[in-house]
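Rule-based calculations on the coordinates, nothing more; no lab input. What you see is a predicted model, and the numbers here were worked out from it, not measured in a lab. All Cβ positions, even for glycine, are placed from backbone atoms using ideal geometry, and neighbour counts span all protein chains on display.
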Amino acid sequence: MPDPSAVAVFADLREEGSELEALVRELTAPEWVAATPASGWSIAHQIAHLHWTDRAALLSLTDPAGFGRMAREAVAAPESFVDEGAAEGARLAPAELLARWRETRTVLDGALAVASPDTRFPWYGPPMKAASMASARLMETWAHGQDVADALGVRRTPTARLRHVARIGVRARDYAYAVRGLPAPAAEFRIELTAPDGSGSWAYGPAEAAERVTGPALDFCLLVTQRAHRADLALTATGPEADRWLDIAQAFAGPAGPGRAPGASR
């Protein structure tokens, strides 16, 4: 019997992609080249990047040798391969880019559904199981979707799918320290987030922890994906280490991100 939690994240990933596609499907050609908060990236760059990374995930699941070649190209150009991949796709006609992204998402959804649940597939960081890969793809789809929404001046309705983004943000706590060459705190934190619909909370870490973070789940997800500055969010840190973490938190792999300036989002 399939793992219910894995089935849920696969379905949530499909919904996240479909929601973003609906946001861009009817855009005009000038809107596709509109600037987003990511420096030098248009809306077309954002969708092209998602297509590029979805294609990488599909290769990881179905063609490890092909993924290995793609990864070696990335290692050979660590400072530019992400921008180059986005720029290549952004040069396509919008309809072609959208069709390619949709097709790749569809095939990736199928590959995730039939992948061995216990197999770890290669990635640019540590190898991941299929459910974890789906969570990571959802996090990135949501985050880049936020860039698109900001460019269009659209306020999206947050959903329970954010629980996947929040969980990655919590689990990536020590990575945020490591990528900056800082020692991670020894003690666990308590994270308590108000669910998007206000019906309850999502809690992580021991209830008795002295270091704590509380606030809306949406704000936490915006923080850890560096789509909003801490000063613009309703998050509260209790304890010096929790306070320090909120200044450096990031859920995504790669070098330390520059984040957003205060007042630059939403």
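Descriptive notes on the structure:
- Of the DSSP H helices in the chain, those whose Cα atoms cover at least 15 Å axially and whose Kyte score averages 0.0 or more: 4-24, 43-62, 64-76, 94-114, 130-152
- Simple rule: put +1 on each Lys or Arg Cβ and -1 on each Asp or Glu Cβ in the chain, find the dipole, and look at Gly153, His229, Ala186; the Cα lying farthest toward the positive end is Ala186.
- Each Lys and Arg adds +1 at its Cβ and each Asp and Glu adds -1 at its Cβ; summed about the Cα centre, the range 4-152 shows a dipole of about 460 debye.
- In a reduced charge model with +1 at each Lys and Arg Cβ and -1 at each Asp and Glu Cβ, the chain shows a dipole moment near 140 debye about its Cα centre.
- Once you reduce the range 1-80 and the range 204-266 to the center of their Cα atoms, the two points are 24 Å from each other.
- Mean shadow area of the range 151-266 over all directions, Cα convex hull, nm²: 7.2
- Gain in span if fully extended, Val82 to Ala186, counting 0.36 nm per residue against the direct Cα distance: 34.1 nm
- For trypsin sites (Lys or Arg not before Pro), the sites in the range 124-220 that DSSP calls loop and that have at most 13 other Cβ atoms within 10 Å are Arg155, Arg180.
- Cut-off 12 Å between beta-carbons: net charge of the residues surrounding Glu103, Lys and Arg +1, Asp and Glu -1: 0
- Cut-off under 5 Å, modelled amide H: who pairs with Ser201 long-range: Ala195
- Loop-located GluC sites (Glu not before Pro) in the range 173-256, at most 12 other Cβ atoms within 10 Å (DSSP): Glu208
- Length-normalised contact order for the range 164-266 - Cα pairs under 8 Å, 6+ apart - percent: 30
- Length-normalised contact order for the chain - Cα pairs under 8 Å, 6+ apart - percent: 17
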